[in-house]
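Read through the structure below, which is laid out as structure tokens, and then see the notes.
The values are calculated or read from the model by the stated rules, or taken from the named source; none is laboratory data. Quick caveat, the model's predicted, so the values are computed rather than measured. Cβ sites come from the backbone with ideal geometry, for glycine too, and all protein chains shown count toward neighbours.
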């Protein structure tokens, strides 16, 4: 069974193996495809408030996500998360499990909403999933993403409020 | 006549005098109202690609703006700017002048669009101005800003493409 836990010392190499190919491909996240391992570690592990891993029964890392304030100051009640599932573990519902887990964490941490700032419009599986998990498209950034094969495509802003 | 130029060594104290009350008030920007001077200097002067000041004939700083990539990687062709006009210099068209200047700079730097990520909906003068200067509202973040007097209010995402 897949468990989700906070990252521990020593998790980074396994996380990097999962996130590196996604960053290098550069078709879903806006990180530079030439990001270094040290830079990636900062953005994924140090900047966020917390970073989690999804692990199987043998402790293998199948996915990872971070949670952080999306804005400081007057915007600090809205969080932002980023999720990446290992290539080998696609199609097992791990993204769903991580997103549901992150929403529980967000509420527990006192956040009132979650915002995805930049969902690439060609990432249709992700958009379908976020909608199914309660997110609305609240904005469309025209041609804001330069896709490595599709050229300039829209990016979506997605949002879910936790207010009753 | 108001001139706009890149910041020089020694400009920071004058810039801080202008931006500090705006950050402290916390009703338009999402910086923490308790931001330190050193933190503010990083976000306004060091993180951005360039920071400018609007000065009068005597060299007094009337306003300031920064320009930076809004996203790295596949989003790096869209820039982001922030503008602040001195309390004493309101109503003289300095925000307009800075915004037009920033658009020229953006095009010169190779950006293809400009995005404002978080325009507080109660900041009606700014919204009117950005619309007049060619920006569209492309998103509405529901109750994403906690206004010090109005409580939770929407924030707008505004966008202007420079493509012909």
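Kindly indicate whether any position in segment A:69-81 is away from chain B (no Cβ under 14 Å) and touching a strand residue (DSSP E or B) at 6+ places or on another chain (Cβ under 7 Å).
yes
Check segment A:100-107 and report whether any residue there is part of a loop (DSSP other than H, G, I, E, B), more than 11 Å from chain B (Cβ to nearest Cβ) and either touching a helix residue (DSSP H, G or I) at 6+ places or on another chain (Cβ under 6 Å) or in contact (Cβ under 8 Å) with a residue 12 or more places away in the chain (or both). No; the residues of segment A:100-107 include none that is part of a loop (DSSP other than H, G, I, E, B), more than 11 Å from chain B (Cβ to nearest Cβ) and either touching a helix residue (DSSP H, G or I) at 6+ places or on another chain (Cβ under 6 Å) or in contact (Cβ under 8 Å) with a residue 12 or more places away in the chain (or both).
Within segment A:108-153, track down each residue that is part of a strand (DSSP E or B), over 22 Å from residue B:144 (Cα atoms) and within 10 Å of chain B (Cβ to nearest Cβ).
A:143, A:145, A:146, A:147, A:152, A:153, listed by residue number.
Within this structure, residue B:112 fails the test of being at pLDDT 95 or above and farther than 17 Å from residue B:162 by Cβ.
Let's see how each residue does on (1) buried (at least 19 other Cβ atoms within 10 Å of the Cβ); (2) under 16 Å from the mean Cα position of the chain (by Cα):
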site: B:10; (1), (2): no, no
site: B:14; (1), (2): no, no
site: B:20; (1), (2): no, yes
site: B:31; (1), (2): yes, yes
site: B:35; (1), (2): yes, no
site: B:51; (1), (2): yes, yes
site: B:58; (1), (2): no, no
site: B:79; (1), (2): yes, yes
site: B:103; (1), (2): yes, yes
